[in-house]
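> This is the structure I have questions about; it appears just below.
Values quoted throughout were computed directly from the atomic coordinates according to the rules given, and no laboratory measurement underlies them. Predicted, not measured: the structure shown is a model, and the values here were computed from it. Cβ sites come from the backbone with ideal geometry, for glycine too, and all protein chains shown count toward neighbours.
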Amino acid sequence: MKLISKIFALTAIAATTALTPLMAADPAIDEIQKRGSMRVGMSTFVPWAMRDKKGELIGFEIDVAKKLANDMEVDIEFVPTAWDGIIPALLAGKFDVIIGGMSITEERSKTVDFTSPYAHSSLGVMASKKVAESLTWPDDYNSTDVTFVCRRGATPCNYIQTELPKAQLRQFDDQGQTLQEVLNGNAHAMISSQPLPAHTIFDNPELVFAPTDEKIDPGNEAFALRKDDPDSLEYFSNWINENTDNGFLEERHQYWFGGRDWADQLAE
């Protein structure tokens, strides 16, 4: 009996020890307060986050993150990260939170926790006049003769693979390169979050067009956090809900997505 009791006790201790690191981990909001700064994972993507003529970050999510840090009375550190590696970087502790226009998906929810949505968007299509002007959406685009491009790791890549499975798909880490492939006629079309396709078509009407005006795959964007951190999840969601109610998020979204008054801030 003593041996059995000893084994049971050791097993209980081992189990407790195994859980200790997870249970002892401080919430992200506590770490932010202790450090005095919030580290934000993001990736440049018009008009969510961009570089201005001075090389400084501007954009919708930049405004959102800066106000959040200001309300928390901490400094802010943006950590630019390749989009396809941004969730692994969050899990590795490279930053505290992703504020990067990340759409809530079932697959991502297996790895991270999402706050309440702070933005709502849809996908749009931009096609090359040089090679796609005669094609009809969507049937002609679901063909092995058609090449799509997308930013690696982004939701549009999954959409193309699922909804247009016959088409060829090329993925790039850089959004600028993705755009250029269609502008140059090296790819038939690009699917991306609006308003990027609409803005690019407006700026380059002689090169690209919209084969459809329909809102594709409407979705919600949220902050992403490491799992098992309910305190931080509640704090950030409450902040989002408050700044939805007071109009801040709508006003900033309308500025960045509703027009292009900011375009002259960007580098040529």
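> Could you calculate the contour length gain from R152 to N204, that is, 0.36 nm times the residue separation minus the distance between their Cα atoms, to one decimal place in nm?
Roughly 16.4 nm would be gained on extension.
> Extension gain T136-Q194, at 0.36 nm per residue separation less the Cα-Cα distance, in nm?
Answer, rounded to one decimal: 18.8 nm.
> Give the residue list of GluC sites (Glu not before Pro) in segment 148-210 that are DSSP loop and have at most 13 other beta-carbon atoms within 10 angstrom.
Filter output for segment 148-210: E206.
> Based on the Kirkwood radius over alpha-carbon pairs, what value in µm²/s does the Stokes-Einstein equation return for the translational diffusion coefficient of segment 128-258 at 37 °C and 0.692 mPa s?
D, rounded to a whole number, is 196 µm²/s.
> Would you calculate a helix-derived [θ] at 222 nm for the chain, using -39,500 (n - 2.57) for each DSSP H run of n ≥ 4 and dividing by the full residue count, to the nearest 500?
-12000 deg cm²/dmol
> If packing is taken as the mean number of other Cβ atoms within 10 Å per residue, what is the order of 100-107, 239-246, highest first?
100-107, 239-246
> Moving on. In whole angstrom, how far apart do the alpha carbon centroids of segment 167-185 and segment 57-97 sit?
Result: 26 Å between the Cα centres.
> Would you tally the net charge around R226, using a Cβ to Cβ cut-off of less than 15 Å, leaving R226 out, and scoring K and R as +1, D and E as -1?
Residues close to R226 contribute a combined charge of -4.
> With label points built 7 Å along Cα→Cβ from the Cα atoms of N184 and Q161, find their separation and express it in nm.
So the label points at N184 and Q161 sit 2.5 nm apart.
> What is the distance in Å between the Cα centroid of segment 103-164 and that of segment 201-268?
Their Cα centres are 17 Å away from one another.
> Let me ask something else about it. Of all beta bridges DSSP finds with both residues in segment 122-218, what is the antiparallel percent, to the nearest 5?
Antiparallel: roughly 55 percent of the beta bridges in segment 122-218.
> Next question. Which helices, counted as full DSSP H runs in the chain, have an axial Cα extent of no less than 27 Å and a Kyte-Doolittle average of 1.0 or above?
Those that pass (Cα extent of 27 Å or more, hydropathy at least 1.0) are 2-24.
> Taking the simple approach of a point 7 Å from Cα along Cα-to-Cβ for both E56 and A82, what is their distance in nm?
3.0
> Give me the percent of DSSP beta bridges within the chain that run antiparallel, rounded to the nearest 5.
55
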